[in-house]
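Accompanying notes for the structure given below.
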Amino acid sequence: MSAGEPRRTRMTQDERRRQLVGIGLRMLVERPIQEVAVDEVAREAGISRGLLFHYFPNKTAFHEAVVAAAGRRVVRNTAPDEALNGWDAVAQFVERYHEQVDRRRESYLALVFGGGPVTLDGGLVEDLRDSMGTRVCALLGLTGSSGPVARAWTAYVEARALQWTAVPAAERVTDLAAEADHCVRALRALLDLG
């Protein structure tokens with residue numbers, strides 16, 4: 001092993017998979033998923049490309065695992081406090097969603113709009129949005145025809161968050177609380193249309 005090569009470490013299969021996905025997540029912050037090269041991931045992990053394919057059957061499966069992990073991270077980071085419920089919880093969810101996009105805007109754009117073999121059909125992106133919509137339905141006890149409305153509203157929140165974060169913080173016309181209030185009022189209005 002040369003001085004520049006990473007040290008190889010023996011890991012369980014689950015540990016190695018988590019390590020590889022973690023490396024992919026770090027790379028996703030800087031580039032779209034289709035530009036996350038398995039050779040580079042393997043090199044950083046200190047394993048061969050062939051060994052990476054022992055843990056993932058192909059490049060697409062690896063990319064899907066990275067995108068799924070990124071989606072779980074977004075869902076986890078936007079969860080409102082358990083002590084909150086109803087509309088207060090929805091408002092906190094909106095604030096945390098905006099904060100998540102603001103903190104990792106490029107990564108979020110790469111995740112949702114990165115294209116490539118994983119997100120081209122929108123499947124995993126729709127899963128992320130559906131998870132967010134399901135959360136809102138649970139927070140408000142929505143059922144029946146209200147469910148699709150809440151799920152569609154999450155796409156609106158995403159669009160608002162992306163527009164809001166595109167402007168430097170010092171130049172934003174609205175603050176985070178005003179953004180959350182606007183989004184909550186929009187959901188109330190949509191639900192009232194019934």
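The values are calculated or read from the model by the stated rules, or taken from the named source; none is laboratory data. Quick caveat: nothing in here was measured; it's all calculated off a predicted structure. Please note: Cβ atoms are built from the backbone with ideal geometry, for glycine as well, and neighbour counts cover all protein chains shown. The area values use the complete protein model at the heavy-atom level, side chains included, leaving out ligands, DNA and RNA. Shrake-Rupley method; radii C 1.70, N 1.55, O 1.52, S 1.80 Å.
When the Karplus curve 6.51 cos²θ - 1.76 cosθ + 1.60 is applied with θ = phi - 60°, which whole-Hz ³J(HN,Hα) does each residue of the stretch 165-175 get, with x for Gly and Pro?
With the stated coefficients, the stretch 165-175 comes to 7, 6, 9, x, 3, 5, 9, 5, 6, 10, 8 Hz.
Go from 0 up to the bin containing the longest alpha carbon distance in the chain, width 5 Å each, and give me the % of pairs per bin.
So the P(r) values, bin by bin, are 1, 7, 15, 17, 16, 13, 11, 8, 6, 4, 1, 1, 0, 0.
Give me the one-decimal Kirkwood hydrodynamic radius in Å for the stretch 21-61, with the sum taken over alpha-carbon pairs. Can you show the working numbers first?
Working: mean 1/r = 0.0975 Å⁻¹.
After inverting the pairwise mean of 1/r, the radius is 10.3 Å.
Let me have the 222 nm mean residue ellipticity of the chain computed from DSSP H runs of 4+ only, each contributing -39500 (n - 2.57), with the sum over all residues rounded to the nearest 500.
Values: 10 runs with 137 residues, N = 194.
Mean residue ellipticity at 222 nm (helix-derived): -22500 deg cm²/dmol.
How big is the Kirkwood radius of the stretch 71-116, worked out from every pair of different alpha carbons and given in Å to one decimal? Let's see the in-between values first.
Working: mean 1/r = 0.0888 Å⁻¹.
By the Kirkwood definition, the hydrodynamic radius is 11.3 Å.
In Å, what is the Rg of the alpha-carbon atoms in the stretch 40-112, and how long is Dmax?
16.8, 50
Place the peptides 71-78, 101-108 in order of packing, highest mean first, counting for every residue the other Cβ atoms within 10 Å and averaging per peptide.
Values: 71-78: 15.8, 101-108: 17.8.
The packing order, highest mean first, is 101-108, 71-78.
With a 1.4 Å probe and all protein chains left in place, how much accessible area per residue does the chain have, in Å²? Please report the intermediate quantities before stating the final value.
Numbers: 10400 Å² over 194 residues.
Ligands and nucleic acids excluded, the result is 54 Å² per residue.
Compute the signed sum of charges (Lys and Arg +1, Asp and Glu -1) over the other residues within less than 11 Å, Cβ to Cβ, of Leu52.
Details: positive: Arg16, Arg17, Arg43, Arg49, Lys59; negative: Asp39, Glu40, Glu44.
Neighbourhood net charge equals +2.
Using a 1.4 angstrom probe on heavy atoms only, work out the carbon and sulfur share of the accessible area of the chain in %. Present the calculation step by step, with values, prior to reporting the outcome.
On the way: 5210 of 10400 Å².
It is 50 percent, rounded to a whole number.
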